[in-house]
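The values are calculated or read from the model by the stated rules, or taken from the named source; none is laboratory data. Owing to the predicted nature of the structure, the values given are computational and were not obtained by experimental measurement. Cβ placement follows ideal geometry from the backbone for every residue including glycine, while neighbour counts extend to all protein chains displayed.
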């Protein structure tokens with residue numbers, strides 16, 4: 001009886017192992033078929049002989065392909081505009097813009113977010129980037145970190161995403177599980193959701209997000225290497241999202257950044273140049289004005305142009321919601 005039971009147990013054990021193996025094979029085949037259909041995974045007919053090319057010819061091929069990227073982004077301007085309106089509304093209401101991506105896409109989001117405080121004076125945390133695998137993934141690929149939706153969902157929950165926030169998923173393929181999981185969770189929590197992918201809009205289920213931005217850059221020079229045209233397109237879109245939003249929030253006067261933080265010597269000198277350019281003061285006068293304004297360019301400008309003291313300049317800026325032109329006019 002014991003022998004029969006053991007045999008039955010072994011049969012069950014082998015059957016379960018067989019089932020697991022078959023499921024893995026099925027999942028792998030499904031993933032293979034899904035990836036194979038992506039535009040960014042196709043072969044580029046214009047670079048098939050790139051391995052036989054001279055250095056000059058290689059560079060020309062890459063350059064010609066890169067020229068296509070701005071045109072692909074141009075087609076998405078109406079959707080980028082919608083996204084900017086959502087971001088501006090959220091930031092005005094005390095919400096945040098949070099990027100979630102993996103690999104190159106994740107790094108681009110982290111970079112864009114990290115540059116906003118020194119460039120536009122945004123508080124740390126207002127715009128933040130998350131990458132599958134955490135901080136270590138910024139410098140070395142963390143293989144497998146992007147393969148589970150629950151990883152993205154957990155990070156969204158840990159970030160305490162709420163209805164005031166905007167969560168933007170970034171994935172060239174659009175299917176990266178970490179990113180998909182993050183966006184799904186954000187939507188469940190009531191946040192506005194954006195998605196940046198470099199595959200065609202027709203392949204995207206628009207119902208999944210509030211706004212999808214889909215610059216179709218076509219096949220990469222090196223098949224599947226989405227750090228190239230796809231990465232360039234994503235960077236261009238991210239530049240537009242944050243820069244346009246910051247302009248709409250009064251962070252720019254004419255075409256100069258006036259809310260920058262003087263956190264290094266270069267930015268200190270840039271601040272002086274901005275004050276000199278706008279007001280006509282000389283170098284020493286601009287330096288003194290910035291010192292009187294506690295190192296804040298925007299405040300210094302209002303003090304000079306409206307001929308008011310520090311306290312009144314701050315009050316004017318507050319009433320003008322941070323816009324220098326309005327503060328001066330009032």
Would you call residue 234 surrounded by 23 or more Cβ atoms within 10 Å (Cβ to Cβ) and either in the same structural domain as residue 96 (by TED's automatic domain parsing) or modelled with pLDDT of 95 or more (or both)? yes
Subset of the stretch 63-111 [out of contact with any strand residue (DSSP E or B) (no Cβ under 6 Å at 6 or more places or on another chain) and under 24 Å from residue 141 (Cα atoms)]: 102, 103, 104, 107, 108, 111
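Residues checked against (1) assigned by TED's automatic domain parsing to the domain that holds residue 105; (2) farther than 30 Å from residue 323 by Cβ; (3) not in a loop (DSSP other than H, G, I, E, B):
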position: 168; (1), (2), (3): yes, no, yes
position: 219; (1), (2), (3): yes, yes, no
position: 223; (1), (2), (3): yes, yes, no
position: 243; (1), (2), (3): yes, no, yes
position: 269; (1), (2), (3): no, no, yes
Filtered residue count, the stretch 297-320, keeping only those that are in contact with a helix residue (DSSP H, G or I) (Cβ under 8 Å, 6 or more places away or on another chain) and either under 20 Å from residue 261 (Cβ atoms) or outside any helix (DSSP H, G or I) (or both): 16
Does residue 265 count as farther than 21 Å from residue 91 by Cα, out of contact with any strand residue (DSSP E or B) (no Cβ under 7 Å at 6 or more places or on another chain), outside the structural domain of residue 121 (by TED's automatic domain parsing) and buried (at least 16 other Cβ atoms within 10 Å of the Cβ)? no
Counted residues, the stretch 275-292 - those being farther than 19 Å from residue 308 by Cα and either at pLDDT below 95 or in contact with a strand residue (DSSP E or B) (Cβ under 9 Å, 6 or more places away or on another chain) (or both): 1
